[in-house]
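Quick notes on the structure that follows.
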Amino acid sequence: MGYKLSNEQVNELFQNLKKDYRIFAPKRFKKQGRYSDTDIIRYDEVDMVEDIVYKEKSHYSAKEVLTPINQTIFYFTEDEFKESKLKDNRGILIFLRPCDINAIERQDKIYLENGFEDFFYKRIRDKVKFIMMECVEGWDTCFCTAMNSNKTDNYSMAVRFEDDGLLFEVKDKEFDSYFIKRPEADFQVQFIEKNQAEVNVPKIPNKEVLKKVKEHPMWKEYDKRCEGCGSCTVACPTCTCFTTMDVMYNENANVGERRRIMSSCNIDGFDQVAGGHIFRSTVGDRMRYKVLHKVYDFKERFGENMCVGCGRCTSRCPQFISMTATINKLNNAVTEIINEK
Ligand code: SF4
Ligand code: SF4
């Protein structure tokens, strides 16, 4: 069923929804951007429709709602531990574009379908429902169509932002009661069909080609360019790497809390193991690992690319390393390797 609500009516809707749900959406944080006097757009709780930034792409994704950058997972004393509690037991509604809904589905695969269920992810994921923000134009760094993440039907409601209000499609019957006596309207969600950027995702046919891809000189270029800062992975809606840290409350090392902290396969030391061995010692090696995970390894395991083509990594990279260009370069390398046989 479709409805057209003025901004005032949307704000009334929000007040009613907030009795049962926290509402998250992209929000502007003034003067907190990378450069002086620039803003950052990231996900946070919103109270009013005017808080939602929909005309610009958010710099960071909604993954922070499900997996905060810094999260206490349990508290410990000398001989016992206690899991942390959720601070709010209401449901969670998140405004997301189609690519970002697909990204959370990718995260589900890692946290819930990878041989075990992550308790801390699941307890919050079970509360989440999606409000899809229609996205028909995208930006110059987007390549969602190449990643099949430009469409989804996984949402409870969908919205189109108009100058004088919002069009709603309500798919989930749980929300019907919030729209009683609201003006009905025809609304058919549309999706982007073509991005500005063209990306050719390589098909690596076998392990022999894969081995040569790993040894290809293209990765050496990143030894010079990539700083190993991890900005790309923090912004990425599909990256899930984390580390843990124990915080002690006093000089007694047996009393404190364990935190899960977002980390990155791109940073120095992430893959260092006991004995000091490092699996990927150069930034080029780490770049290769990340890119192949995005467009090959994950697909081998789960049947679809991990990358959803949101382009945030390109936008956040201080060295202007473009994911679009990197995947196209990888595609050229794979073609070259196949043809030389
Ligand atoms: S790798 Fe880059 S383009 Fe792909 S999902 Fe992550 S941030 Fe988006
Ligand atoms: S943001 Fe750029 S420089 Fe930093 S780790 Fe990623 S690719 Fe390298």
Pick out, in residue order, every one of the GluC sites (Glu not before Pro) in segment 190-225 that is DSSP loop and has at most 14 other C-beta atoms within 10 Å; say none if there are none. GLU193, GLU198
Note: probe point = Cα of ASP172 + 7 Å toward Cβ; backbone nitrogen < 19 Å; residues of segment 72-102 passing the test are 87-102
Karplus-derived 3J(HN,Hα) from phi for segment 28-44 (6.51 cos²θ - 1.76 cosθ + 1.60, θ = phi - 60°), whole Hz, x at Gly and Pro, runs 8, 10, 5, 6, 10, x, 5, 10, 4, 6, 9, 9, 10, 10, 9, 6, 7
Counting all Cα-Cα pairs in segment 235-323, those more than 17 Å apart amount in percent to 62 percent
List the residues, sorted by chain then number, that are 5 or more residues from GLY311 or on another chain and whose placed amide H is less than 5 Å from its amide H. PHE143
Normalise the Debye intensity by I(0) for the chain, one equal point scatterer per Cα, no solvent, then take log10 at q = 0.11, 0.14, 0.15 Å⁻¹ and round to two decimals. -0.81, -1.22, -1.35
Student exercise, segment 197-341 dipole from Lys, Arg, Asp, Glu Cβ charges, in Debye to nearest 20: 320 debye
Give, in nm to one decimal, the length gained when the segment between GLN272 and ILE69 is fully stretched (0.36 nm per residue of separation minus the Cα-Cα distance). 71.0 nm
Estimated distance in nm for a label pair at GLU198 and ARG28, the labels positioned 7 Å out from Cα along Cα-to-Cβ: 3.6 nm
In debye, nearest 20: dipole of the chain around its Cα centre with unit charges on the Cβ of K, R (+) and D, E (-)? 760 debye
Förster radius 25 Å - calculated FRET efficiency between TRP139 and GLU8, Cβ distance, rounded to 0.05: 0.25
Normalised radius of gyration for segment 1-141, please: alpha carbon Rg relative to 2.2 N^0.38 Å, two decimal places. 1.20
Heavy atoms only, probe 1.4 Å: what % of the accessible area of segment 147-302 goes to carbon and sulfur, would you let me know? 47 percent
Exposure ranking of THR335, THR233 by accessible area [1.4 Å probe, largest first]: THR335, THR233
Tell me, how many Å apart are the Cα centres for segment 68-121 and for segment 212-260? 18 Å
Using amide H atoms built 1.01 Å from N in the peptide plane, name the residues 5+ places from THR67, or on other chains, whose amide H lies under 5 Å from its own. none
So what is the accessible area of the chain per residue, in Å², with the probe set to 1.4 Å? 51 Å²
Please sort by residue number the GluC sites (Glu not before Pro) in segment 78-187 whose DSSP state is loop and whose Cβ has at most 16 other Cβ atoms within 10 Å. GLU78, GLU80, GLU113, GLU117, GLU137
Segment 43-135: which chymotrypsin sites (Phe, Trp or Tyr not before Pro) are DSSP loop and have at most 10 other beta-carbon atoms within 10 angstrom? PHE116
Could you give each residue of segment 144-160 its phi-based ³J(HN,Hα) in whole Hz, using Karplus coefficients 6.51, -1.76, 1.60 with θ = phi - 60°, and x for Gly or Pro? 4, 5, 5, 9, 6, 10, 7, 10, 6, 10, 8, 8, 8, 9, 10, 9, 10
Among VAL128, VAL159, VAL247: highest mean-square fluctuation, GNM of the chain, C-alpha pairs under 10 Å: VAL247
Using a Gaussian network for the chain with springs between C-alpha atoms less than 10 Å apart, which of these wobbles most: THR326, THR238, THR38? THR38
Can you give the extra length, in nm with one decimal, that the chain gains between SER281 and ASP223 once fully stretched, where that is 0.36 nm per residue apart less the Cα-Cα distance? 19.8 nm
Go through segment 328-334 residue by residue and turn each phi into a ³J(HN,Hα) via Karplus (6.51, -1.76, 1.60, θ = phi - 60°); whole Hz please, and just put x for glycine and proline. 5, 5, 5, 4, 5, 5, 5
How far, in nm, would the chain grow between LYS85 and ALA325 when pulled straight, counting 0.36 nm per residue and subtracting the alpha carbon separation? 82.1 nm
Between ILE73 and residues 5 or more places away or on another chain, which pairs have amide H atoms under 5 Å apart, with H built 1.01 Å from N, and which residues are they? ARG258, ARG259, ARG260
Round to the nearest 0.05 the FRET efficiency obtained for GLU50 and ASP108 when R0 = 45 Å and r is the Cβ-Cβ distance. 0.90
Considering the Cα positions of segment 155-261, please state its Rg to one decimal place and its Dmax as a whole number of Å. 24.9, 65
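The values are calculated or read from the model by the stated rules, or taken from the named source; none is laboratory data. Note that the structure is predicted; figures quoted are calculated from it, not measured. A quick note on method: Cβ atoms are made from the backbone with ideal geometry, for glycine too, and the neighbour counts reach across all protein chains shown. Remember, those area values only see protein heavy atoms, side chains included, never the ligands or the DNA or RNA. Shrake-Rupley method; radii C 1.70, N 1.55, O 1.52, S 1.80 Å.
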